[in-house]
Amino acid sequence: MQRKSLDVWVGLFVVLGAAALMFLALKAGNMSSMSFGGHTYAVITKFDNIGGLKPQAPVKSAGVVVGRVDDIKFDDKSFQAMVTLNMDERYKFPKDSSAKILTAGLLGEQYIGIEPGGDTNNLVSGDKIKMTQSAVVLENLISQFLYSKAADGKDAPK
């Protein structure tokens, strides 16, 4: 009888461990809140460089998640990344809003930040956000710094 009780407790522990691992995997993969219940509208943005932005990345305004990145494609006519955002219908943004790719922390995940404009008309499904700012790529910043330091050293008197 005691062996059977021990088996039940071990089984319960294994099930709870598997549930905890599933929870952590969903949180780490940014999949825990896949959608907003189907009440979204699609907005299209174009960026010169999206860095490490991935589908299902959050779209935030004032620190609040207001949508998710739905799809990322390459536009071979403008040679830009075309990013489709699924915005929660509860949140309306003016048509002249701007979007930029930001990073959470120094090396954290990338997300899109929306800054509302002042237009009286709101974005609707299929609209495009024209004012965008691409991701800041850390490698580009480091190389610019190194090149500028090398140029400064070349001009210095010996």
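Among the residues of the range 64-76, is any over 15 Å from GLN133 (Cα atoms), part of a loop (DSSP other than H, G, I, E, B) and without any contact (Cβ under 8 Å) to a residue 60 or more places away in the chain? Yes, some residue in the range 64-76 is over 15 Å from GLN133 (Cα atoms), part of a loop (DSSP other than H, G, I, E, B) and without any contact (Cβ under 8 Å) to a residue 60 or more places away in the chain. Considering the range 25-45, and only residues there that are at pLDDT 85 or above and not small (Gly, Ala, Ser), the residue that is surrounded by the fewest Cβ atoms within 10 Å (Cβ to Cβ) turns out to be HIS39. Every condition in (1) modelled with pLDDT under 90; (2) aliphatic (A, V, I, L, M); (3) surrounded by 10 or more Cβ atoms within 10 Å (Cβ to Cβ) is met by ALA18 except one, and the failing one is (1).
Scanning the range 40-58 for residues that are over 16 Å from ASP127 (Cα atoms) and not in a loop (DSSP other than H, G, I, E, B) gives a single hit, PRO58.
The values are calculated or read from the model by the stated rules, or taken from the named source; none is laboratory data. Quick caveat, the model's predicted, so the values are computed rather than measured. Every residue, glycine as well, gets a Cβ built from its backbone with ideal geometry; the counts of neighbours run over all protein chains shown.
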